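S.K.: Before I ask anything, let me first share the structure, which is written out below as structure tokens.
The values are calculated or read from the model by the stated rules, or taken from the named source; none is laboratory data. The shown structure was predicted, so the numbers you read here are calculated from the model rather than taken from an experiment. Counting neighbours? That spans all protein chains shown, and the Cβs are built from the backbone with ideal geometry, glycine included. These accessible areas exclude ligands, DNA and RNA; they are computed on the full protein's heavy atoms, side chains included. Shrake-Rupley method; radii C 1.70, N 1.55, O 1.52, S 1.80 Å.
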Amino acid sequence: MTGSALYPVFFDTCVLLKSYLRDTVLTLAESGVYRPLWSSSVLTELAVNLRRRGATDGQIEHRLGQMKAHFPDAEVTGYQSLIEAMTNHPKDRHVLAAAIRGGAETLVTDNLRDFPTASTSPYDTAVVHQDDFLLDQLDLSPGTVMSSLHRQVSRYRREPRSVADLLVILGSQGHGCPRFAAACRTRL
């Protein structure tokens with residue numbers, strides 16, 4: 001895996017599974033604010049969950065292929081030997097191990113309870129909810145975040161066709177970013 005000077009951020013499957021949230025964090029990453037990271041295990045979980053939600057094999061292959069093509073250095077490798085040493089929830093030990101191996105300073109997840117502080121503090125890896133992560137990005141780079149949201153909706157052929165409509169989706173319970181959506185609305 002090659003290194004990068006950008007701030008490394010590991011994304012858990014639960015964040016990448018939410019289509020508009022995934023588009024938001026990856027569009028923002030395209031702007032050079034941070035370097036996204038994930039693992040083959042995360043991508044496998046993503047494919048399984050997308051299939052359960054009705055995506056075809058072709059759609060899944062296209063989606064994962066696009067992620068890999070746009071972020072060729074995002075996939076963390078060589079983390080498997082660390083999994084057993086992790087003390088967080090057993091089903092998410094592979095996530096923490098990959099985040100640590102990848103040098104992630106932040107792990108973004110919707111499942112905070114699976115990553116107690118005692119399991120992450122030895123590695124100086126902050127675990128944050130997607131809403132808090134996006135709020136931090138908005139505080140640090142408001143212009144970049146807002147222009148990324150505009151660029152994101154410009155790619156859609158169907159709804160949402162405006163940032164306001166996208167914020168309704170991101171702020172919904174399904175996407176879990178109500179405070180980020182509210183803060184962005186004040187900037188429209």
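S.K.: Take region 87-109 and flag every residue that is within 15 Å of the chain's Cα centre (by Cα) and either without any contact (Cβ under 8 Å) to a residue 12 or more places away in the chain or open to solvent by 60 Å² or more (accessible area, probe 1.4 Å) (or both).
M.R.: Correct list: Glu105 only.
S.K.: Read through the list (1) within 25 Å of Arg113 (Cα to Cα); (2) open to solvent by 30 Å² or more (accessible area, probe 1.4 Å); (3) not in a helix (DSSP H, G or I), then give the number of the only condition that Arg179 fails.
M.R.: All conditions are met except number (3).
S.K.: Among the residues of region 110-119, how many are crowded, with 16+ Cβ neighbours inside 10 Å and outside any helix (DSSP H, G or I)? Don't jump to the end; show me each part of the working.
M.R.: First pass over region 110-119, keeping only residues crowded, with 16+ Cβ neighbours inside 10 Å: 110-111, 114-115, 119.
Within this subset, residues satisfying the condition of being outside any helix (DSSP H, G or I) are 110-111, 115.
Qualifying residue count for the region: 3.
So that you can scan it fast, the table gives a plain yes or no per residue for (1) surrounded by 17 or more Cβ atoms within 10 Å (Cβ to Cβ); (2) in a loop (DSSP other than H, G, I, E, B); (3) without any contact (Cβ under 8 Å) to a residue 12 or more places away in the chain:
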| residue | (1), (2), (3) |
| --- | --- |
| Ser121 | no, no, yes |
| Val128 | yes, no, no |
| Phe133 | yes, no, no |
| Asp139 | no, no, yes |
| Gly143 | no, no, yes |
| Tyr156 | no, yes, yes |
| Arg161 | no, yes, yes |
| Ala164 | no, no, no |
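S.K.: Report, ordered by the first and then the second residue, all pairs with beta carbons closer than 7 Å, sequence separation of six or more or different chains, a first member in region 50-78 that is under 26 Å from Arg35 (Cβ atoms), and a second member that is among the β-branched types (Val, Ile, Thr).
M.R.: Sorted first by the residue in region 50-78, then by its partner, the pairs are Leu50/Ile60; Asp73/Thr2.
S.K.: If you scan region 87-106, which residues turn out to be within 15 Å of Val42 (Cβ to Cβ) and part of a helix (DSSP H, G or I)?
M.R.: Lys91, Asp92, Arg93, His94, Val95, Leu96, Ala97, Ala98, Ala99, Ile100, Arg101
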